[in-house]
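Quick notes on the structure that follows.
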Amino acid sequence: MITCGDHLSSLRATAGAYVDEVHELAEGLDEEQLAGSSEPGRWSMAQCFEHLVATAKSYHPRISAAIDRHPSSSASAMAYRPTWIGRKFVDAMRDTTGRRRYKAPRPFRPSPQPAAGSAERLAASIRELDTLLARASGADIVRARVASPVVPLLKLNLGEALELQVVHIARHLAQARRVREHLESTKTH
């Protein structure tokens, strides 16, 4: 049995490495290189970063409100139980190979030319997620619900909504890494 506390600790440990990964991905690249795509129709590193920031701007306030609505001093010892639909959504986002592609909902689509500073905005967003994960340890993450900003009838439990954020970041950091590898391989040829 995994407890709610174990679930949140695992998410925090995973997300904790993402800020360093963002800095590592952007290291040594100027804004033009960050905005460069590996091939037509594919996102650049900056667009991957901006997509994650846009998603967080919609989800983080909803997650924060769910934490505030469902405080619990004993929640961390409770068994963590994901829902069937929540598990399906989280599992769909887990693929970091790039083989499974999804069209981003309109509010989460990045600009063709993202503004400078996308890596720093993403790092700040990930730090905000870490704060939410820490705050969630005092909430009932199984009972609290978070409505999707795109499909409001879809409601995940708080634990699923937080996990979805973490795996979504992993998915797009892997995408950004593939773009970086392409940039480096074309530089050497």
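Miscellaneous remarks
- Accessible surface of the chain [probe 1.4 Å, protein heavy atoms]: carbon and sulfur percent: 53
- Dipole magnitude for the chain: about 1000 debye, using +1 per Lys or Arg Cβ and -1 per Asp or Glu Cβ, origin at the Cα centre.
- Listed residues H172, F49, W84: farthest to the positive end of the dipole of the chain (Cβ charges): W84
- Summed over the residues of the chain and divided among them, the accessible surface reaches 52 Å² per residue at a probe radius of 1.4 Å.
- Distance cut-off 19 Å, percentage of C-alpha pairs in the range 1-130 lying past it: 60
The values are calculated or read from the model by the stated rules, or taken from the named source; none is laboratory data. Keep in mind it's a predicted model, so treat the numbers as computed, not measured. Positions of Cβ are backbone-derived with ideal geometry, glycine not excepted, and every protein chain shown enters the neighbour counts. Areas reflect the complete protein model, heavy atoms only, side chains present, ligands, DNA and RNA absent. Shrake-Rupley method; radii C 1.70, N 1.55, O 1.52, S 1.80 Å.
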